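Asker: Take a look at the following structure, please.
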Amino acid sequence: MAFTAAFVMGISKAGIKGITIIVVALMALAFGSKKSTGLILTMLVVGDIFAIIYYDKQAKRK
């Protein structure tokens with residue numbers, strides 16, 4: 001369930017809005033409500049860090 005939630009989270013970050021509710025439901029079923037909140041936040045932060053690392057190479061700084 002966590003892998004499916006991570007995949008759907010990536011799809012939602014790519015631009016499909018409203019699909020994140022599926023992630024919340026899957027993570028709550030898999031880990032419980034309090035733990036899933038922390039795990040979802042961690043997944044979002046890690047995804048943002050990877051995006052910064054990837055796009056930093058393409059940035060033009062003057």
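The values are calculated or read from the model by the stated rules, or taken from the named source; none is laboratory data. Small disclaimer: the values here were computed from a predicted structure and weren't measured. Cβ placement follows ideal geometry from the backbone for every residue including glycine, while neighbour counts extend to all protein chains displayed. Note: areas computed on protein heavy atoms with side chains; ligands, DNA, RNA excluded. Shrake-Rupley method; radii C 1.70, N 1.55, O 1.52, S 1.80 Å.
Asker: Can you send over the carbon and sulfur percentage of the accessible area for segment 4-62, probe radius 1.4 Å, protein chains only?
Answerer: The computed percentage sits at 70.
Asker: Could you calculate the contour length gain from T37 to K60, that is, 0.36 nm times the residue separation minus the distance between their Cα atoms, to one decimal place in nm?
Answerer: Contour length minus the Cα-Cα distance gives 4.7 nm.
Asker: Within 10 Å, count the other beta carbons around each residue, average over each peptide in 38-45, 2-9, 54-61, and list them highest first.
Answerer: On the way: 38-45: 13.9, 2-9: 15.6, 54-61: 6.8.
Sorting 38-45, 2-9, 54-61 by mean packing, highest first, produces 2-9, 38-45, 54-61.
Asker: Ok, one more. Please give the residues of segment 1-41, grouped as numeric ranges, whose backbone N is less than 20 Å from a label point set 7 Å along the Cα-to-Cβ vector of I52.
Answerer: 10, 13-14, 38-41
Asker: Kindly rank 26-33, 13-20 from highest to lowest mean number of other beta carbons found within 10 Å of each residue.
Answerer: The peptides rank, most packed first, as 26-33, 13-20.
Asker: Keeping every protein chain present and rolling a 1.4 Å probe, give me the accessible area per residue for the chain in Å².
Answerer: Computed with neighbouring chains in place, this is 81 Å² per residue.
Asker: Separate question: As a check on your grasp of the helix formula, calculate [θ] at 222 nm for the chain: sum -39500 (n - 2.57) over DSSP H runs of n ≥ 4, divide by the residue count, round to the nearest 500.
Answerer: Rounded to the nearest 500, the figure is -25500 deg cm²/dmol.
Asker: Just one of (i) 21, 39, 20, 13, 6, 1; (ii) 19, 26, 13, 13, 14, 10, 5; (iii) 22, 46, 21, 9, 2 is P(r) over Cα pairs in 10 Å bins from 0, in percent calculated from these coordinates, so which is it?
Answerer: Comparing each candidate, only (iii) matches the computed number.
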